[in-house]
2 protein chains.
Amino acid sequence: MANQPATTHGPRERILAAASALFYRHGINATGIGEVVEVAGVSKRTLYQQFESKDELVAAYLRRMTESGRLLDRRLDRTELAPGERLVALFERPGAAFRGCPMHNASVELTEPAHPGRAVIHAYKQGFLDRLVDTARQAGAADPEELGHRLFVLFEGATALATSINDPAAFDYARPAAATLVGQALTAE
Amino acid sequence: MANQPATTHGPRERILAAASALFYRHGINATGIGEVVEVAGVSKRTLYQQFESKDELVAAYLRRMTESGRLLDRRLDRTELAPGERLVALFERPGAAFRGCPMHNASVELTEPAHPGRAVIHAYKQGFLDRLVDTARQAGAADPEELGHRLFVLFEGATALATSINDPAAFDYARPAAATLVGQALTAE
DNA sequence: TTTCTGCGGTACCGATCGGTTTCCATTCGG
DNA sequence: CCGAATGGAAACCGATCGGTACCGCAGAAA
């Protein structure tokens, strides 16, 4: 009876998959519930018994983006590289369908401060920063906090600019800049 | 008779002022025409004889943002500073009501590639980059193109991150990073 | 005063929004 | 073979969207 184990392709997962693609590609505010149910092959009724509201669906979408690693920050986990190399490898060009960081894009669209998605965005950004600082520490940076924060800004810039000008070449300029910042942080005593 | 010189506070200017504040604060898609005319103290009729459509109003809003310097890139014009200092001064904290770069925010919201605003965004970003490269050249950078592009990414990151985490402290991390990049570009031979 | 024009107010249009409800075909346990 | 639960299709709801049409008032021109 009842709810699929959620690991299989039950209706909830189909809805989330459809919503993720549409929200990311066309924007959150520009995507109607009707579009989501059509792509998911699901009725509105089913959607609304899985999610309280569109706002909650958006929050679930952001949570899904955080958890199941389809984000670029995955590159920090490449243990075959030295920590310092990982910090630079983060800046390799993303794939073609790239349209910026879904978290940041959502924060631009969701101006309502009480939106349930905002907490997810904030938590993600904090977690990403923590991992950057941690990797900077592993790399032996003189001031891991400072280096982590600087790379944080630079990475956000590469993703944001790739959106603004619709060209992932931004990463090609960010990468050597990151190498410079990392190099300076490691040689400083 | 008829249309005010546009330099005065005619209806067109009032509409643009209202639209600018609302589009920037609450987002473009989240702002209805009804809101704009209410704040502007103008009838819908007047709005639609000044602007063909909402899309055109959005494009005019972006054009206005480009022209009448209320954007941070104004800091590149501070001739009392040396070019190298200007490149760093660009990263001083913005004011309190800051909510990111209006151009970038619009590019996140306007996913339609044919939207008339997209050309304005692209032109602005290109112009900003050109000025960065030019200033880098004045500063005597070994590779002005490269330094300009790197600072371009870093600056976009500071503005974007200040939006994502709702905290202008991002600029405080970007500023010394910019100083590092500038310093490296000047000492390299 | 008379006339014309610009403009705010407002009713209105069809479409779409987020969300609810009804109906019916399918499926599955007993 | 039956009854209950599921969920897709679709009608429906009030609100709001972008955009249009009309009314009536103001002020300048004559």
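Residue separation of A:GLU67 and A:ARG25 scaled by 0.36 nm, minus their Cα-Cα distance, works out to 13.2 nm of gained length.
Near B:GLU52: Cβ cut-off under 15 Å, other residues only, Lys/Arg at +1 and Asp/Glu at -1. The net charge is +3. A point 7 Å from Cα along Cα→Cβ stands in for A:HIS122, and the other copies hold the same point at 3.8 nm, listed in rising order.
The same position A:ALA30 in the other copies lies at 1.7 nm from this copy, comparing label points 7 Å beyond Cα toward the beta-carbon, shortest first. Ignoring lysines fewer than eight residues from A:LYS54 along the same chain, the ones with Cα atoms less than 18 angstrom from its Cα are A:LYS44. The calculated FRET efficiency for the pair B:GLN138 and B:ALA17, based on their C-beta separation and a Förster distance of 22 Å, comes to about 0.05. Calculated [222 nm] ellipticity per residue, helices only, for chain A: -20500 deg cm²/dmol; basis is -39500 (n - 2.57) per DSSP H run with n ≥ 4, divided by all residues, nearest 500. In chain B, the beta-carbon sitting nearest the axis that superposes B on A belongs to the residue given here with its distance in angstrom, B:GLY157, 1. If you plug the beta carbon distance of B:ASP172 and B:LYS44 into 1/(1 + (r/R0)^6) with R0 = 41 Å, you get a FRET efficiency near 0.40. Counting only alpha carbon atoms, the long axis of helix B:116-138 and the longest principal axis of chain B meet at about 30°. Taking label points 7 Å from Cα along the Cα-to-Cβ direction, B:GLU145 and B:LEU186 give a separation of 2.3 nm.
Read-outs throughout are calculated quantities, based only on the coordinates presented, and are distinct from any laboratory measurement. All values reported here derive from a predicted model rather than from experimental measurement. Positions of Cβ are generated from backbone atoms using ideal geometry, with glycine treated the same way; all protein chains shown enter the neighbour counts.
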